[in-house]
1. With θ set to phi - 60°, apply the Karplus curve 6.51 cos²θ - 1.76 cosθ + 1.60 along the stretch 371-383 and write out the HN-Hα couplings as whole Hz, x wherever there is a Gly or Pro.
2. With a cut-off of at most 13 other beta carbons within 10 Å, and DSSP calling the residue loop, which chymotrypsin sites (Phe, Trp or Tyr not before Pro) in the stretch 523-599 qualify? Please list them.
3. With the crude spin-label approximation of a point 7 Å out along Cα→Cβ, what separation in nm comes out for Leu436 versus Leu317?
4. In nanometres, what is the gap between the two model label sites at Arg546 and Leu483, each 7 Å from Cα along Cα-to-Cβ?
5. Taking K and R as +1 and D and E as -1, what net charge do the other residues with C-beta under 15 Å from the C-beta of Ser181 add up to?
6. Which parts of the stretch 433-448 would a label at Asp454 reach, counting a residue when its backbone N lies under 11 Å from a point 7 Å out along Cα-to-Cβ?
7. Please find the FRET efficiency linking Glu523 to Ala554, where r is the Cβ-Cβ separation and R0 is fixed at 30 Å, and quote it to the nearest 0.05.
8. Give me the number: length gained by fully extending Ile466 to Cys304, i.e. 0.36 nm times residue separation minus the C-alpha to C-alpha distance, one decimal in nm.
Amino acid sequence: MDSLPPANDSSPSMTPSKLGDLVPFYSSYLWNRLASLVPTSNSIFLGKFSNLYRQTFTKKRHISFPLPLPSDFPCSSTNISADTSRIYVVLEEIMADVLSNLHDIQKSLDFWQYRAEGSNARKAYFMIFERGPVAFANESTKLVRKSLSDDSAMEHLCQSSSSHMSDRMRVLMELRSALASFLAQLYVELDKRGKDLLNNPEKSLPSLLAVINQLFSNLEGSFSHLHAERKSDSSIDGSYPMPLVFDRLPEVNEEGSQWTDCELTDAINLVHKNLEKLNSYLAVMVGKHRKPRRMTLYWVRYTCGAVGLSVFSIWLLRHSSLMGSSDIENWIHDAKEATVSFFGDHVEQPLLAIRDELFDTFRKRHKGVMETEEVQLTQDSLHRMLRNFCEQTTREKVPDDASDQKMLEVVMHQYEKELVRPIQNLLNGELARGLLIQVQKLKLDIETAMLELDQILRANEINFAILAALPAFFLSLLMLTLLRTWLKQDSRAQGRGRIARIHRRLLVVEIEKRIMQYQSYIEQGRDKDAETVFGLLIYSLERLYRVVEKPAKASGEWDLVKQDLMELGRPQQQTSYKLTVIQRLVRVYDCLLPTLNRQ
């Protein structure tokens, strides 16, 4: 028990530094005295308040993939016991936190594996330019020194990069394996005890808490093994945190009397405390081995962008009104005029022309350059001239059905005769009349050609208008494409586009590989590896469950897809049946079909 210090220790001559040291001492003393007045075994109110606090702040990280409990488990009913409700919340929190940590580990592991598969030049680039400005300065200095003293500077840099990546991959794979085994064991236990939790919660809750306590102990052993295997020459900066030590539940006699409400509350609070320890430990461990942040990876681009933005800002300031320049106002005015002109020439006028062509074409047909009536008058005049010429020349009546072509042959025949004596026949003969008839024929041909050209131009007015609107059309199409991509979120697995469908189908392929790998390990007797793979299978199912929920609900297939995904997570389900379910997922459901099969 803490005791108060003597009163004479605080003298008037005490310095401010000593006062500052005593303030936290007395605060700690008063808090310990207050806490000692509250018995731990009777802290029912504090336990319930703590549970309510956790339930309120863990809703945001609510698990997506359902727990392996019976479908009629009354998890949301109001008539269930408080103990069952609390243990259900605890199980949700454990699953959600483990899956979240697995996701963080898997993202970093995928990054390091991708970098490790790159070329030596790519590895060297990463070591120098993608680890921040401090690493850039250090590695550049080392590279220059090695180059001056040794010819194998680049080889040493590539070896350093490989060591840098392999150390992180090794630790992350160990963490992933430990968490996956923990998740698999918990999932299998819940699958076994689901009916007991529903039918006899008073007896099954203590045994389940004891199993969870043992799982935390096994996880602690896995992490201590990770600390023991750390190499002295590891490339990981800094030291590891202290080895993780979980709190232990007291020995439980499952065959004996039932636990009291206080004992259950203390046990649940202990599980929460262990879960918080696990999250804190993983936050430190994953933080030391995680992939670099985006700002660190692209710091060169961001630095160049910042420098360019600074230069642009200075240039913009020099041309602004703050420095007495009117360049910006003039540029804005010119840009406004250019925009208005572009809109008028390529949007407004073409659309108006198309509208006029569609609605006013037939009313404006009589206002063309050459009308059909004028051509008909010229043709009738030529016909009469040919008829009179033929009747006077041949002294015979021309039939009514005689064509202009035949009469024109008569005129040309007489015209050739008249040209033998052109001067005499020009004054006394029919030469002048033949010339006038040919002029009339030429006039008819010209008018006919103009009429046809006018009809061609009228028929293509809408085409010319559309051609003028093509620049604005392509610009609008580009903007609509960008808007569609943004609305569909095509680059994410939750989207509705082609890329999102590909991501979801790749998740199905990953699940199928996990199932086959799990069965292979079971047949080989490698139970530990099979347990790890089963945990990763649950993780993959949770990812697919989360990303397929929205598109499956949109297509009305969510209930069936959900049932199939839960069947894939059943530990006791046959592998052949699971493979059949996989084939049904990729062949039947619209939310997982490729785009081509939907047409």
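The values are calculated or read from the model by the stated rules, or taken from the named source; none is laboratory data. Note that the coordinates shown come from a computational prediction; the quantities given were computed from them, not determined experimentally. Virtual Cβ from ideal backbone geometry, glycine too; neighbours counted across all protein chains shown. When the accessible area is computed, the model is the full protein with side chains, heavy atoms only, and any ligands, DNA or RNA have been set aside. Shrake-Rupley method; radii C 1.70, N 1.55, O 1.52, S 1.80 Å.
1. So the J values, rounded to whole Hz, are 9, 5, 5, 5, 5, 5, 4, 4, 5, 5, 4, 5, 5.
2. On the way: sites: Phe534, Tyr539, Tyr545, Trp558, Tyr577, Tyr589; in loops: Tyr589.
Loop-located and lightly packed - none at all.
3. Here the modelled spin labels are 9.0 nm apart.
4. Reported label-point gap for Arg546 and Leu483 is 3.2 nm.
5. Values: positive: Arg176, Arg514, Arg526, Lys528; negative: Glu174, Glu189, Glu220, Asp527, Asp529, Glu531.
In short, -2.
6. Within reach of a label on Asp454: 447-448.
7. Here the calculated transfer efficiency is 0.15.
8. Values: separation 162, 0.36 × 162 = 58.32 nm, distance 4.37 nm.
Computed gain between Ile466 and Cys304 is 54.0 nm.
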